[in-house]
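Input: a single structure, listed below in structure tokens.
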């Protein structure tokens, strides 16, 4: 197995003068769950559409499963599974007939494979697509993405409309897929979901890749809340302690937002007789919002200079 399932170099897409994604350099390791995050309009869907060959890049290159995207697109698509964010299905077909049709397009898939997946997701394959709820249509999309045991699965907002129990079963399915050696590229707005499943995360904002790191490291780099209780009014020099982004004082309590380690703040607080400390560990959402806000600030400063 190759070390990387996906490599991009300078991958860029412009729509006229508007930037979709620019100079994307990304490496996704074989056998990992890679979370691809960003606000609406950041370039996530544009990137995914390029990776599966729906649109051509303005410049740059990509390799998937060791194959060049420009010249081996057909072979790549035969080896991957894909669930689009704007899933569209044949309305008059029954679920079972639709999956059988897609299986034939893939060169044949044992019906027992999609029957088993449908049972896991509690999906009735005998109903017509037009009669299915949004959630059940999404289940159908999940089944077709996984039914042929692909080497890589690219998922764009895969759990939209799924109830919590089915979301949990979907997470089990993703873990099983990785355990057999496949790779999962997951774009989602559900940050708690990515936090639970992803090995590493890439964050894009305004068409650029901001950071790639493990979830744990992103948490460490995120802003966290620290509450400090003093016997009297908190000392004002807490606000200038290392890493303190902002401070709010209410009576004898100071609430500080701290970026990075809190040891510098604690040293100052101990020197001034702190009597209690409460910390709130950051989650992926705080890290995500912090990086997006920083990118927006950097972009604004660039336009002003």
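Restricting the search to segment 138-150, which residues are touching a helix residue (DSSP H, G or I) at 6+ places or on another chain (Cβ under 8 Å) and either without any contact (Cβ under 8 Å) to a residue 12 or more places away in the chain or buried (at least 21 other Cβ atoms within 10 Å of the Cβ) (or both)?
Matches in segment 138-150: 139, 140, 142, 143, 144, 146, 147, 150.
Can you spot a residue in segment 196-210 that is over 21 Å from residue 84 (Cβ atoms), assigned to a helix (DSSP H, G or I) and either in contact (Cβ under 8 Å) with a residue 60 or more places away in the chain or outside the structural domain of residue 273 (by TED's automatic domain parsing) (or both)?
Checked segment 196-210: at least one residue is over 21 Å from residue 84 (Cβ atoms), assigned to a helix (DSSP H, G or I) and either in contact (Cβ under 8 Å) with a residue 60 or more places away in the chain or outside the structural domain of residue 273 (by TED's automatic domain parsing) (or both).
With the checklist (1) in contact (Cβ under 8 Å) with a residue 40 or more places away in the chain; (2) assigned by TED's automatic domain parsing to the domain that holds residue 117; (3) at negative phi in hand, flag the one item residue 225 doesn't pass.
(2)
Among the residues of segment 180-189, is any in the same structural domain as residue 125 (by TED's automatic domain parsing) and either in a helix (DSSP H, G or I) or within 21 Å of residue 95 (Cα to Cα) (or both)?
No: zero hits.
Checking residue 54 against (1) closer than 24 Å to residue 159 by Cα; (2) part of a strand (DSSP E or B): exactly one of these is not met. Which one?
(2)
The values are calculated or read from the model by the stated rules, or taken from the named source; none is laboratory data. As the structure is a computational prediction, the values presented were derived from the model and not from experiment. FYI the Cβ positions are ideal-geometry reconstructions off the backbone, even for glycines, and counts take in every protein chain you see.
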